[in-house]
Amino acid sequence: MIERMVLFGASGDLTSRLLMPAVAQLAEADLLPKRFTVLGSANTDWSTDDFREHIAVELEQHATVTPSTRDAVVRMLSFQPADVTNPEEVARVLGGQQPETLVYLALPPFLLEAVLPALAAADLNASDAVAIEKPFGTDLASAQRLNEILRLQLPRPTIFRIDHFLSNELVRRVIILRFLNRIFEPILNAIHVERVDISWLESLTLEGRASYYDSAGALKDMVQNHLMEAMALVLMDQPARLDADSFRAVRVEALRAVATPVADQLRGSTVRARYTAGTIGSRQVPAYVSEPGVDPRRNTETYASLTLQVDNPRWAGVPFTLRSGKALPSNSAEIAIHFRPLPRYLLDQWPGVEPNVLRLGLTQPYVRLSTTLNGPERRAETRELEAITTPPRLTAYAHLIQEMLGNDPMLFIRGDEAEEAWRIVDPVMRAWSAGDVPMQEYAAGTSPPEPTG
């Protein structure tokens, strides 16, 4: 069990808003190692007392734990300033003979290519681990370069490429539903399924995240990573064993089966759009390009939709549509598996019967199945059967940290898996940058547009 976390980027928003509250949640549940410590580091002239005071304030705002737990977590903390691109300073922070260590890189992605060689010079042990936040690279070529650095310079520690989506209890429910029931798995194929929609739609706007979002956009922020991984969970075959190697291997094979988008078909299979001024509920929303911190010259999309085809016998001909957007009328985050309609002779006898749909909530803990039942006067009617599970006890980041401390990479991204996701998205990014798919607009609080092709 890893007993120490060294947190580079400790002065940033990720640390205060997500990572340290997750540590506090694990402490509250008594799930941390007994002698667990956190050493924070950043290019900031802080002392340990400064760091402790900063995190104490942030925990009051972001962590729902008892005051005694909050105080105990603060006492775990220490701090050393350092330039994370300087090998000597990185080695000084990591120290010599230390307990097994998780080195968490809570850093902007543009720093990674400079940080990893500096980290490699510190000579980490095989029992140590390195956590790398998403996005892993900015395109296929950069992801390949990062993987090469890791393969050659950091071969010994376990590498955790993070997509916190996979550690969300609601996403992991897809695995349970598929592989621990005999009902659904036999019918998840092209014979029975007409299409699959995976959506993450928000009524929220930028909410102060322009510095990140305006350089990423909806495609990179959600579709390329989170929704791609959710799709892999639906696509994948049952692993031979429930271990990390088997589970990650079938996820990679699932993504390999996704056809690379063809440039001349992208007008009809993708949508890029941006919200203009409008009303969401009773709230007046300015146009995206008028939001503080937005540079209109970047031409950033706030809604992205991508429909993909799968080249294997199980799913051939079934379109998978991944959609994400902001400033929409309402929130909706789910995997929706739409089954094929009944044969015509049955529909002629039972008009109005709708195809079955299986919906799995990604932010709300529901499973919904629309099914046909007998109604009054010998009529059939479509009813929705719903199961609402207990809300997750731990946040996704609490799960992440718990799994990393146990050195279990099952629900983390493998290097070739990251490359496959970029392989799928790269042609879309190129076509959008070239203007081959026009930027559409939708008023805030209204439905997004459809493909133009």
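The values are calculated or read from the model by the stated rules, or taken from the named source; none is laboratory data. Every value quoted in this text rests on a predicted model; they were computed, and no experiment measured them. Glycine also receives a Cβ, built like all others from the backbone with ideal geometry; neighbour counts cover every protein chain displayed. These accessible areas exclude ligands, DNA and RNA; they are computed on the full protein's heavy atoms, side chains included. Shrake-Rupley method; radii C 1.70, N 1.55, O 1.52, S 1.80 Å.
As a test of the formula, what do you get for the chain when each DSSP H run with n ≥ 4 contributes -39,500 (n - 2.57) and the sum is divided by the residue count, at 222 nm and rounded to the nearest 500 deg cm²/dmol?
On the way: 14 runs with 144 residues, N = 453.
Using -39500 (n - 2.57) per qualifying helix, the result is -9500 deg cm²/dmol.
How big is the Kirkwood radius of the range 238-311, worked out from every pair of different alpha carbons and given in Å to one decimal? Intermediate values should be presented prior to the final figure.
On the way: mean 1/r = 0.0617 Å⁻¹.
Roughly 16.2 Å, rounded to one decimal.
From the square roots a ≥ b ≥ c of the eigenvalues of the alpha-carbon gyration tensor of the range 74-213, which class results: rounded (a/c under 1.5), prolate (a/b over b/c), or oblate? Walk me through the intermediate numbers first.
On the way: a/c = 2.13, a/b = 1.83, b/c = 1.17.
Prolate, because a/c is 1.5 or more and a/b exceeds b/c.
Diagonalise the Cα gyration tensor of the range 1-96 and give the resulting equivalent ellipsoid semi-axes, square root of 5 times each eigenvalue, largest first, whole Å.
Values: eigenvalues 102, 45, 21 Å².
After diagonalising the Cα gyration tensor, the semi-axes are 23, 15, 10 Å.
Per-residue HN-Hα couplings for the range 183-197, Karplus 6.51 cos²θ - 1.76 cosθ + 1.60 at θ = phi - 60°, whole Hz, x for Gly and Pro?
7, 8, 4, x, 10, 8, 6, 5, 5, 10, 9, 8, 6, 10, 10
Would you kindly state how much longer the chain becomes between E88 and T452 on full extension, computed as 0.36 nm times their sequence separation minus their alpha carbon distance, in nm to one decimal? Write down the numbers at each step before the final one.
Details: separation 364, 0.36 × 364 = 131.04 nm, distance 5.42 nm.
Full-extension gain reported as 125.6 nm.
For helix 140-153, what angle does its Cα long axis make with the longest principal axis of the chain, in degrees from 0 to 90 and rounded to 10?
The helix 140-153 is inclined about 40 degrees to the chain.
Over the chain, what percent of the accessible surface lies on carbon and sulfur atoms, probe 1.4 Å? Can you show the working numbers first?
On the way: 10220 of 20550 Å².
Accessible surface attributable to carbon and sulfur in the chain totals 50 percent.
Tell me the angle of helix 244-256 to the major Cα principal axis of the chain, expressed in degrees between 0 and 90 and rounded to the nearest ten.
50
Mind checking which lysines have their C-alpha under 29 Å from K326, skipping anything on the same chain fewer than 8 residues away?
Candidates past the 8-residue exclusion: K134, K220.
With a point put 7 Å past each Cα toward its Cβ, work out how far Q284 is from L180 in nm, to one decimal.
Modelled inter-label distance: 5.1 nm.
Measure nothing but the geometry: give the 0 to 90° angle between the long axis through the Cα atoms of 396-405 and the longest principal axis through the Cα atoms of the chain, rounded to 10°.
So the helix axis and the longest Cα principal axis differ by about 50 degrees.
One quarter of the convex hull surface, Cα atoms only: what value does that give for the range 352-453 in nm²?
Numbers: hull surface 49.5 nm².
The directionally averaged projection comes out at 12.4 nm².
Please give the length that would be gained between D123 and Y366 if that part of the chain were fully extended, namely 0.36 nm times their separation in residues minus their C-alpha to C-alpha distance (nm, one decimal).
82.9 nm
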